[in-house]
Amino acid sequence: MSNRTLNLPHNVHVTVAQPYAEGHVLTAVEADKFNNVFADSIRTAIMAKLKKWAEEAGFDAAAASAHFQTYADSYEFSTRSAKESVDPVEKEAHKIAKQQVLAAIRNKGGDPKNYTADQIAEFVVKVLAHKPEIREEAARRIESSRAIAGDLLGDLL
């Protein structure tokens, strides 16, 4: 049996047994808990999209139910992968580009809410490809922020 360490606030650490492994036979209570987690995972995954759809004119509850039923029928638990370390300059460049994309949409009379996150992300990539000065500005901002933090630390210590 393996263990998992929970790193809690205030430097508190608790080791928790991980008694479940592939092939483990569940008790009725364990099965009930896993089924609740499964249903909650599906609910969480669809709520944002459902909320957006429900706000649209001509919302069709039956069509939404059918769409989400297909999703639920094919849903499987997945493992989370460790997040990659993100370059702060690249992160800042994406933030600047996204602000420009949203401003451009508004300037053309559009509403950013009418675009999916994937569409916005695609526009951001295109803006970054065509405007290398955004990365230069992002690098300047990060360096400036680091310099200010360094000055503050020097004054405090």
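Points to keep in mind about this one:
- Selection over the range 76-94 of residues that are part of a helix (DSSP H, G or I) and exposed (fewer than 14 other Cβ atoms within 10 Å of the Cβ) gives a count of 1.
- Selection of the range 96-143 for residues being assigned to a loop (DSSP other than H, G, I, E, B), basic (Lys, Arg) and without any contact (Cβ under 8 Å) to a residue 12 or more places away in the chain yields only Lys108.
- Glu56 meets the conditions (1) over 30 Å from His130 (Cβ atoms); (2) acidic (Asp, Glu); (3) under 26 Å from the mean Cα position of the chain (by Cα); (4) assigned to a helix (DSSP H, G or I) in every case but one. The failed one is (4).
- Verdict on Lys52 being assigned by TED's automatic domain parsing to the domain that holds Ser74, surrounded by 11 or more Cβ atoms within 10 Å (Cβ to Cβ) and modelled with pLDDT under 90: yes
- Test: residue in the range 62-75 that is in the same structural domain as Asn35 (by TED's automatic domain parsing) and assigned to a loop (DSSP other than H, G, I, E, B): yes
- Only one of the numbered conditions (1) modelled with pLDDT of 90 or more; (2) touching a strand residue (DSSP E or B) at 6+ places or on another chain (Cβ under 7 Å); (3) aliphatic (A, V, I, L, M) is violated by Val89, and that is (2).
The values are calculated or read from the model by the stated rules, or taken from the named source; none is laboratory data. Keep in mind that what you see is a predicted model, and the values were worked out from it rather than measured. Here Cβ is always computed from backbone atoms with ideal geometry, including for glycine, and neighbour counts include all displayed protein chains.
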